[in-house]
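First comes the structure, then the notes that go with it.
The values are calculated or read from the model by the stated rules, or taken from the named source; none is laboratory data. Remember, it's a predicted structure, so these values are computed and weren't measured experimentally. All Cβ positions, even for glycine, are placed from backbone atoms using ideal geometry, and neighbour counts span all protein chains on display. Only protein heavy atoms, including side chains, enter the accessible area calculation; ligands, DNA and RNA are left aside. Shrake-Rupley method; radii C 1.70, N 1.55, O 1.52, S 1.80 Å.
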Amino acid sequence: MSFILFTDSNSDIPFGEVAAHDLKIIYMPYSLDGSDEVSDLGRGDVIPNFYAAMRAGKTPTTSLLTKEKYIESFEPYLQAGQDILFICFSSELSGTYNNAVLAQQELSAAYPERKLVVVNSRNVSMGEAYLAMEAAKLRDSGATLEETAQWVEAHKYNVRYWFTVDDLVYLKRGGRISKTTAAVGTLLNIKPMLTVTRSGKLISVDKQKGRRRAVHQLALNLQKEIVDPQNQVISILQADCMDDARALQAQIQELVPGATCRIEMVGPTICAHAGPGTLAVVFLGAERERE
C-alpha cells in the first residue's frame, strides 16, 4: 500500500465499506445523557438507539475533535514510515478541519521526511464517503498520494445533495432558521429543501407544503441535476424514516429509469443537528454553483 487513507465518521460510511476499502476512521464524538459516544457506522444498534433516544426527547450535543486527538491517530503511521491522506468533513460545517490542519502542521515539522495531506472535502455524510472510497480505488490501482489528493480536489464539487427534515426545531436550535420561521413552518406543515453549497455550507433554498411533497421534490431535484445516472450509485440517507426512503427510492427509479439507489443511515453527528426524519439524496452532477 503506497499510503494510508483516512476519513472521519461524519462521512456515515458503512462499516463494510471501511473494511472493503482499507480505510482508517477518525471517530467524531457526541454526547448523550452525559456519556461520550461515537458512531459504530452501522455495525450494531448504536444508530437506531440514537434515533430512539432523540425521539424520546433526549438532546445530544457534538464537540470538536482536538488537535491532540488527530495527532494520536496519525502519529503511529508516520512513525512507522507511512504517508497519510486525510479526507475531512467540510470546514463550513465544523471547526474540526482547522484542528486537523494544526495537527498536520505539527506532525509535518516533527516528521519532515513523511507526507501528511489534509483535504477539506467540502462534503458531508455519503458525499464525503464517496470521495474516500474512490480515493481508495485510485490508491489501490497505483496512484500516488499527490495524484489521489488532486483527484479529490477536482471532483469534490460534483457531489450534489438535497435534504429535507421532519421537525424544524433542530434547524432552529442550530441557528439555520429563526425561531419565528420554525414556529410558522411547524404550524403550516412547511418542510424546507436544503442543499450543500460549493463551499460546503448547508443552506435552505426552497420549501414544500407537507412531507409527501418534500419527498417528491427530492426526486425531482435529482432528476434535474444528476449526470450519467446509469454509471453511479445514488445514496438515499434516512434518519429513522425508512418508509419515506423507500418511497423516494421508488420515485427516483420511476423518474430515472435504470438508476441504482442505496439506502443508508444518517449517523449521530449529522442527526444531532437535523433530527430524526431527516431524508437526503446524494448523487453526482455538474459542479455546484451556489457559494
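All of TYR161, TYR170 fail the test of being of a type in the set (Phe, Trp, Tyr), assigned to a helix (DSSP H, G or I), open to solvent by less than 40 Å² (accessible area, probe 1.4 Å) and in contact (Cβ under 8 Å) with a residue 40 or more places away in the chain, apart from TYR170. With respect to the conditions (1) assigned to a loop (DSSP other than H, G, I, E, B); (2) charged (D, E, K, R); (3) touching a strand residue (DSSP E or B) at 6+ places or on another chain (Cβ under 7 Å), GLU113 lacks only one, and its number is (3). ALA135 falls short on exactly one of the conditions (1) open to solvent by 10 Å² or more (accessible area, probe 1.4 Å); (2) under 30 Å from GLU68 (Cα atoms); (3) part of a helix (DSSP H, G or I), and that condition is (1). Taken over segment 222-246, the criterion of being open to solvent by 40 Å² or more (accessible area, probe 1.4 Å) and either within 22 Å of ARG211 (Cβ to Cβ) or in a strand (DSSP E or B) (or both) is satisfied by GLN223, LYS224, VAL233, ASP240, MET242, ASP243, ASP244, ARG246.
Within segment 247-265, the set of residues being open to solvent by less than 50 Å² (accessible area, probe 1.4 Å) and touching a residue at least 40 places away in the same chain (Cβ under 8 Å) comprises just one member, GLU264. Just so you know, in segment 60-85 the residues that are without any contact (Cβ under 8 Å) to a residue 60 or more places away in the chain and β-branched (Val, Ile, Thr) include one that is most open to solvent (accessible area, probe 1.4 Å), and it is THR66. Counting residues in segment 94-112 that are open to solvent by less than 60 Å² (accessible area, probe 1.4 Å), modelled with pLDDT under 95, closer than 26 Å to LYS201 by Cα and among the hydrophobic types (A, V, I, L, M, F, W, C) gives zero.
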